[in-house]
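K.L.:
Attaching a single structure in structure tokens format; questions to follow.
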Amino acid sequence: MTDDAVVAAKSALRARLLADRRAVPPDVHDAEAAALAEHLERLARDVTTVCAYVPVGSEPGSTAMLARLAYGGARVLLPVVRTSVDGTPMALLWGEYRPDTLTTARFGLLEPPQPWLAADALAQADLIVVPAVAVDRRGTRLGRGAGFYDRSLRFRRPGVPLVAVVRDVELLLDDVVLPAEPHDVPMTHALTPGLGLVELDGRAR
């Protein structure tokens with residue numbers, strides 16, 4: 001598959017999956033968000049620093065995930081999106097989560113207030129929780145397409161789990177293989193409402 005074909009395939013799949021997300025009834029979304037918060041709290045029980053994110057719109061999860069992490073004693077770092085002068089995505093900056101201080105930012109995102117940490121602050125994380133539109137059993141992650149995380153995850157320490165958060169149907173464990181590009185960083189795990197933490201060889205635990 002050519003590079004252009006990979007990009008086109010990703011775009012078509014992303015559009016379909018995001019449309020499916022938007023069709024999820026609010027009560028189902030809220031129940032799944034509660035389950036994700038419980039799973040994540042257990043996952044981070046012995047973790048000092050977590051790089052997480054703020055779910056917005058139809059994304060799986062809610063800010064309750066962040067509250068659970070913080071109340072459990074973890075230091076929670078959240079991404080800050082910035083672009084260069086010409087609009088090119090840059091590696092994410094990071095800010096510490098403090099309840100009730102998130103502000104509205106570009107692309108409809110919610111971000112922590114300043115002071116912010118440099119992109120290499122991601123190396124402080126013992127656990128990295130990543131938004132995803134889908135992920136397959138090889139760990140290939142389908143994101144929103146901007147490339148912020150692909151530029152950022154190079155700062156991760158070796159061996160630190162990369163956990164993609166998706167709905168159950170967005171974890172593709174059968175023979176479905178997501179189109180991938182050379183810069184795509186593979187995930188080590190997925191976290192879903194119904195299955196909990198899943199190693200990306202397809203085994204739930």
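K.L.:
Out of all the residues in region 167-197, which are in contact with a Gly (Cβ under 7 Å, 6 or more places away or on another chain) and either in contact (Cβ under 8 Å) with a residue 40 or more places away in the chain or within 16 Å of residue 39 (Cα to Cα) (or both)?
P.N.:
Passing the criteria: 168, 186, 187, 188.
K.L.:
Provide a single number: the residues in region 43-58 that are surrounded by 12 or more Cβ atoms within 10 Å (Cβ to Cβ) and either free of Cβ contacts under 8 Å to residues at least 60 places away in the same chain or acidic (Asp, Glu) (or both).
P.N.:
3
K.L.:
Ok, one more. Please find, within region 78-101, the residue that is modelled with the highest pLDDT out of those that are out of contact with any Pro (no Cβ under 6 Å at 6 or more places or on another chain) and hydrophobic (A, V, I, L, M, F, W, C).
P.N.:
So the residue we want is 94.
K.L.:
So, one more: Only one residue in 123, 19 is out of contact with any Phe, Trp or Tyr (no Cβ under 8 Å at 6 or more places or on another chain), outside any loop (DSSP other than H, G, I, E, B) and of a type outside the set (Val, Ile, Thr), so which one is that?
P.N.:
When all the criteria are applied, what remains is 19.
K.L.:
Taking the condition of a type outside the set (A, V, I, L, M, F, W, C), at pLDDT below 95 and touching a strand residue (DSSP E or B) at 6+ places or on another chain (Cβ under 7 Å), does residue 167 pass?
P.N.:
no
K.L.:
Of all residues being modelled with pLDDT of 90 or more and among the small types (Gly, Ala, Ser) in region 102-142, which is farthest from residue 173 (Cα to Cα)? Just the residue, please.
P.N.:
Once the filter is applied, the top-ranked residue is 118.
The values are calculated or read from the model by the stated rules, or taken from the named source; none is laboratory data. Not measured: the values here are computed from a predicted model. Every residue, glycine among them, receives a Cβ derived from its backbone with ideal geometry; neighbour counts consider all protein chains shown.
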